[in-house]
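Okay, structure first, notes after.
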Amino acid sequence: MRAVTPRRSVLYMPGSNARALEKARTLDADGFIFDLEDSVAPDRKGMARSQVVESVRAGGYRERELVIRVNALDTPWGLGDLQESASSGCHAVLIPKVDRASDIHEVEQVLVSSGAPKELRLWCMMETPRGVLRAEEIADSTDRLECLVLGTSDLAKDLSAQHTAERLPLITSLGLCLLAGRASGLSVIDGVFLDLQDEPGFRASCEQGKRLGFDGKTLIHPKTIAIANEVFAPTEEELDYARRVVEAHALATEEGKGIVVLDGRLIENLHVDAAQSLLARAEAINALAQAN
């Protein structure tokens with residue numbers, strides 16, 4: 001079983017906002033994406049890069065994951081972003097608008113030539129129709145790749161799709177990215193919810209994301225962290241049942257029984273694996289809380 005890293009809540013922080021970078025040190029999101037791309041005006045790109053790299057190097061973010069979203073390599077800022085991020089000490093670099101595996105290979109080559117350590121991971125924004133159609137190719141592109149991040153706002157725009165409560169216009173895209181990510185053993189994080197005044201709608205979006213299989217949700221405001229953390233964490237009821245599944249299977253194995261029935265339901269190895277994964281996820285969440 002691969003190591004579990006909680007990614008229930010991953011908050012975008014504009015790299016040009018020094019106060020936001022400082023505030024992140026006090027927030028309980030599981031991870032932060034320090035953004036050099038969409039949220040930064042062209043005339044502030046250089047300043048934002050220096051500010052983000054300095055903040056990451058300074059530390060103080062406890063055990064939270066720190067990810068830098070760079071500008072694309074075909075922009076005036078992409079190369080510098082990658083060169084500076086390579087030695088910043090961040091956990092991962094998030095590549096925007098990935099269309100194909102070669103996009104990732106180009107980024108990886110720059111990072112390696114810039115002295116990036118072997119443990120530096122790559123995350124990919126899945127936010128274009130072509131990228132979604134090539135999700136399997138992208139997910140298998142490199143061992144450095146760790147996470148697919150849905151960019152549902154850009155994707156909806158390119159699809160000429162409407163934003164609806166059920167997100168039916170995006171379901172195919174969400175499913176393709178989840179399939180590709182899970183087939184390659186990657187984390188997959190759901191896209192943002194735009195209406196900060198609609199708390200019930202945000203909760204419903206998180207609950208849908210959990211049902212679909214996402215590890216967590218990207219966020220655009222600190223006030224949404226608590227709900228995302230709550231929804232994407234295992235419930236006590238789920239954990240109690242998972243423990244009972246593991247215990248019932250272990251007892252049956254000791255007794256040499258080939259069939260396990262719990263609460264009238266047949267328990268197979270796949271159910272035991274799922275239960276163990278859920279318990280490991282809860283342990284990782286508790287460990288993160290205790291470390292911070």
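Every number here is computed from the coordinates shown, using simple stated rules; none is lab data. Keep in mind that this is a model prediction, so the values were computed, not measured. As a convention, Cβ positions derive from the backbone with ideal geometry for all residues, glycine included, and neighbour counts pool all protein chains shown.
Tabulated data for the structure shown
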read-out	value
Total charge dipole magnitude, the stretch 9-232, about the Cα centre, Cβ charges on Lys, Arg, Asp, Glu only, Debye to nearest 20	340
Fluctuation leader among Gln109, Gln276, Gln197 - the chain, Gaussian network, Cα springs under 10 angstrom	Gln197
Low-density loop positions, GluC sites (Glu not before Pro), the stretch 1-79 - DSSP coil, at most 15 other Cβ in 10 Å	Glu63
Residue-averaged [θ]222 nm for the chain, counting only DSSP H segments that reach four residues, each worth -39500 (n - 2.57)	-14500 deg cm²/dmol
Rg to Rh quotient for the stretch 194-292, alpha carbon positions, Kirkwood Rh	1.10
Residue of Ser160, Ser205, Ser16 that the Gaussian network model of the chain assigns the largest fluctuation, springs spanning Cα pairs under 10 Å	Ser160
Whole-number D in µm² s⁻¹ for the stretch 94-156, Kirkwood Cα-pair radius fed into Stokes-Einstein, 25 °C, 0.890 mPa s	209
Counting DSSP beta bridges with both ends in the chain, the antiparallel % (nearest 5)	10
Hull shadow area, averaged, the stretch 9-232 [alpha-carbon convex hull, nm²]	11.2
Residue list for the stretch 1-34, given a label point 7 angstrom along the Cα-to-Cβ vector of Thr253 and an amide N cut-off under 16 Å	1
Projected-area mean, the stretch 124-274, by convex hull of Cα positions, square nanometres	11.3
Candidate lysines - alpha carbon under 24 Å from Lys23, same-chain residues fewer than 8 apart omitted	Lys45, Lys217, Lys223
Estimated inter-spin distance, Gln109 and Leu239, nm [label 7 Å along Cα→Cβ]	4.8
Stokes-Einstein translational diffusion, the stretch 1-88 - Kirkwood Rh over all Cα pairs, 1.002 mPa s, 20 °C, in µm²/s	161
Max mean-square fluctuation residue, GNM over the chain, Cα-Cα springs under 10 Å, options Ala233, Ala165, Ala280	Ala165
Centre separation in Å (Cα based) which lies between the stretch 276-292 and the stretch 82-159	27
Exposed trypsin sites (Lys or Arg not before Pro) absent: longest stretch of the chain, with sites in DSSP loops and at most 10 other Cβ within 10 Å deemed exposed	119-292
DSSP H segments from the chain that extend 15 Å or more along their own axis, Cα-based, with Kyte-Doolittle mean of 0.5 or above	171-183
Hypothetical label at Thr164: residues of the stretch 201-231 whose amide nitrogen lies under 20 Å (7 Å Cα-Cβ projection)	201-213
Segment Glu54-Glu207, length gained on full extension (0.36 nm per residue, minus Cα span)	51.5 nm
